[in-house]
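To keep things clear, I will list the structure first and then write my remarks on it.
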2 protein chains.
Amino acid sequence: MANFDVMSELTTGAGGKIVLLVMDGLGGLPLEPGGPTELEAAQTPTMDRLAREGIAGLHVPIGAGITPGSGPSHLALFGYDPIRFGVGRGVLEAFGIGFELQPQDVAGRANFCTVDANGLVVDRRAGRIPTELCIKLVDRLRAITLPGVEVFVEPVKDYRFVIVLRGEGLSDRISETDPLVVGKPPLPCLPEEPGPSAKRTAELVNQFIEAARPLLADQPAANMITVRGWSKDPNLPQFHEVYKLHAAAVAVYPMYRGVSKLAGMDVLPVSGETLADEIKVVAEHWSDYDFFFVHVKPADSRGEDGDFQGKVRVIESVDAALPALLDLKPDVLVITGDHSTPAVLRSHTWHPVPLLLWAPGRVRTDAAQAFGETECARGLLGTFPTTDVMPLALAHAMRMVRYGA
Amino acid sequence: MANFDVMSELTTGAGGKIVLLVMDGLGGLPLEPGGPTELEAAQTPTMDRLAREGIAGLHVPIGAGITPGSGPSHLALFGYDPIRFGVGRGVLEAFGIGFELQPQDVAGRANFCTVDANGLVVDRRAGRIPTELCIKLVDRLRAITLPGVEVFVEPVKDYRFVIVLRGEGLSDRISETDPLVVGKPPLPCLPEEPGPSAKRTAELVNQFIEAARPLLADQPAANMITVRGWSKDPNLPQFHEVYKLHAAAVAVYPMYRGVSKLAGMDVLPVSGETLADEIKVVAEHWSDYDFFFVHVKPADSRGEDGDFQGKVRVIESVDAALPALLDLKPDVLVITGDHSTPAVLRSHTWHPVPLLLWAPGRVRTDAAQAFGETECARGLLGTFPTTDVMPLALAHAMRMVRYGA
């Protein structure tokens, strides 16, 4: 892990420009024993050249065998030990939509869902209602008031929204109400620590949910809500303090924008959803920042769909967009994923994540001849904790002084 | 290390079946520079195939350069950091013979030994007296009483037995009495922490030893005793709690049965001493458990004898017995050792231990083409801490949910 006391002593605030390009869920598995992974099957001439010229390795986001969610795995990429710096989904989503959380606020990530006449959940995602309807229904929920606290309700995307409670003495140690399976009713919110704070907060949440029910009664798909990931702002050490980086994030999806903001990055607006659109934003702001985090979501989505060829095509489209990024002449380019999402397993997994680090003139020659899991296993970086990515990037950008005399 | 708080949150109690097959002291060294190790010299077509189909690596039980005893190395295999979870030999032996230790009990592992007319130790193992004589002599020692405590004396095997003191306010922070070399007298037992508990416990131990002396005076070989490894039950986190595994151990030697019991496994009875006998037990209980630990001792014994070819033959016999285990269709099969015992050095050593993990459809392709130290060094798992073995096995059995959203 990046030891932030040490890092903040060593970083200088001067040096080269760094781009961290993350393909969500990049790591994969072969369809058949001995076959290529998605990344290995993809035609990626540019990434293969960068892997040959740079150094490669595989990184482990949380620990051996542990499958990360995207929040924790991005925290690890940014140098934060995700077990020490637990950040709840409510906070991530709130930051992702630009909501300015205050220190005492408690945020929950909410879903519209569908319940049947007996109150049992039949669709946990409310038939994936469109964002326009979400906005309309959230607006209805804004009519709900609770005693002694302010309530904020904000739409996110599709069936997802955020609830924020603001007031004295609230606790985020309260339980989630999503039963996680269909055929069961939403759970009551319960305190998860002793004392009056959690008890009161849980009661407020239950009052909110009961008040929401009649407001949604005329909605066939979105007639109920569930809430998960109750959390407060974790006050992460900030990029400009510990790394002395003026850092920008270019990401389409709210959660990734949220985790970047938590780390202290500026989140830049993007029009369009492709990497080419994102690189255009990077180019426009090239002289304004030392560090760009660029996030590409669809590799993960195709993996979760079980669509091996679709994931291959996403990776190939990233490769095709890369020359425009290289034209900007970054000093350090790191290309990697935040975790593995093998199409064959249709989910996030624990498998180490391929990474290439390209920094002309500052790397040794390694055996990796292309960008792929097997080649990365031959790379000089070996298998290493994801929290080492930032110190390695900063070092190759010559942004750190030596430790000790 | 397995973080047990995190692990117990992530394990589901559902998923595939795991077999952990441990050849004690498996790791080796070549007889001549550049030559094969014992494992590499052995003809092991089945293990070689499993290594090709699976992933391989080398694990480090305690830390770089540190030679483990079998107790600590098994703790590490089971996911317990052996430095944090120190378990004394006394406790291991007591559990190994099925003695039900109570929380305040202090257990010591005792040896019969031979002293000369001057009281100097001439044989630390009493000429390896047979177990039958051990049982007879232990029965004599049961006549000894001590003020204010209950005393239990139980035979283990050959010259080895266990002493357990039961009573209020006893301490296990007392010294060992084995001088560890011949030509010196047994040492007095001394307190190793301040306060009355350790002082009193040490005095009781010395009284026991003095009382044993006349009871053994007619024994030419076993005329004295030494005691080591004073310890209390360490209350390890249990397999069914942290891993949600219904786990069974199949092991012939008492200490391995003991360490398995400490971890919360059911220890199954075995008739016979071969791996084929053990696999028969696994097959009989296949539907009763999620996890089987199977222990094979003789690889270590031949290594300690300096018998390179003997160790090769043990490994070959294990390979020959494997098809019966594969017929059971485990979802995850891990084959490894607990530490290295190279015949050329005739002792446990610090060398990393070869490991193969076979889990069809859930592993990438790695470069290891056979099961041996050099091939394992080319494997995808790299060189990793032994405490990662359990999280990796659980992950490949799909028995864990993701960490965070």
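Tabulated values for the structure
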{"quantity": "Number of the condition not met by B:Ile144 [criteria: (1) assigned to a loop (DSSP other than H, G, I, E, B); (2) over 19 Å from B:Ala202 (Cβ atoms)]", "calculated": "(2)"}
{"quantity": "Scan of the range B:348-373 for residues that are among the small types (Gly, Ala, Ser), crowded, with 22+ Cβ neighbours inside 10 Å and within 12 Å of chain A (Cβ to nearest Cβ), ordered by number", "calculated": "B:Ala359, B:Ala368"}
{"quantity": "When residues of the range A:11-38 are limited to those that are among the hydrophobic types (A, V, I, L, M, F, W, C) and buried (at least 19 other Cβ atoms within 10 Å of the Cβ), the one farthest from A:Ala248 (Cα to Cα)", "calculated": "A:Leu29"}
{"quantity": "Any hit, the range A:325-345, residues being farther than 28 Å from B:Leu381 by Cα, touching a residue at least 12 places away in the same chain (Cβ under 8 Å), away from chain B (no Cβ under 14 Å) and not in a loop (DSSP other than H, G, I, E, B)", "calculated": "yes"}
{"quantity": "Selection count where residues are under 19 Å from A:Ala299 (Cβ atoms), outside any loop (DSSP other than H, G, I, E, B) and open to solvent by 20 Å² or more (accessible area, probe 1.4 Å), scope the range A:265-288", "calculated": "2"}
{"quantity": "Test: residue in the range A:342-357 that is farther than 22 Å from A:Glu40 by Cα and not aliphatic (A, V, I, L, M)", "calculated": "no"}
{"quantity": "Qualifying residue in the range B:134-143 (condition: within 23 Å of B:Met255 (Cβ to Cβ), among the aliphatic types (A, V, I, L, M) and open to solvent by 40 Å² or more (accessible area, probe 1.4 Å))", "calculated": "yes"}
{"quantity": "Residues of the range A:214-224 classified as closer than 21 Å to A:Pro147 by Cα and either of a type in the set (S, T, N, Q) or surrounded by 14 or more Cβ atoms within 10 Å (Cβ to Cβ) (or both), total", "calculated": "1"}
{"quantity": "Count - residues of the range B:374-386 that are crowded, with 24+ Cβ neighbours inside 10 Å and either facing another protein chain (nearest Cβ under 7 Å) or assigned to a helix (DSSP H, G or I) (or both)", "calculated": "2"}
{"quantity": "Enumeration of residues in the range A:24-54 that are on the phi < 0 side of the Ramachandran plot and either free of Cβ contacts under 8 Å to residues at least 12 places away in the same chain or of a type in the set (Phe, Trp, Tyr) (or both)", "calculated": "A:Glu32, A:Pro33, A:Gly35, A:Arg49"}
{"quantity": "Single residue of B:Gly167, B:Gly183 found to be out of contact with any Ser or Thr (no Cβ under 8 Å at 6 or more places or on another chain) and loosely packed, with under 15 Cβ neighbours inside 10 Å", "calculated": "B:Gly183"}
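Matching residues to (1) at positive phi; (2) over 21 Å from the mean Cα position of the chain (by Cα); (3) buried (at least 24 other Cβ atoms within 10 Å of the Cβ); (4) part of a loop (DSSP other than H, G, I, E, B):
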residue	(1), (2), (3), (4)
A:Ala56	no, yes, yes, no
A:Ile62	no, no, yes, yes
A:Gly65	yes, no, yes, yes
A:Ile83	no, no, no, yes
A:Phe99	no, no, no, yes
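The values are calculated or read from the model by the stated rules, or taken from the named source; none is laboratory data. This structure is a prediction, so every number in the text was calculated from the model and none was measured. Every residue, glycine among them, receives a Cβ derived from its backbone with ideal geometry; neighbour counts consider all protein chains shown. The protein model used for the area step is the full one, side chains on, heavy atoms only, and it has no ligands, DNA or RNA in it. Shrake-Rupley method; radii C 1.70, N 1.55, O 1.52, S 1.80 Å.
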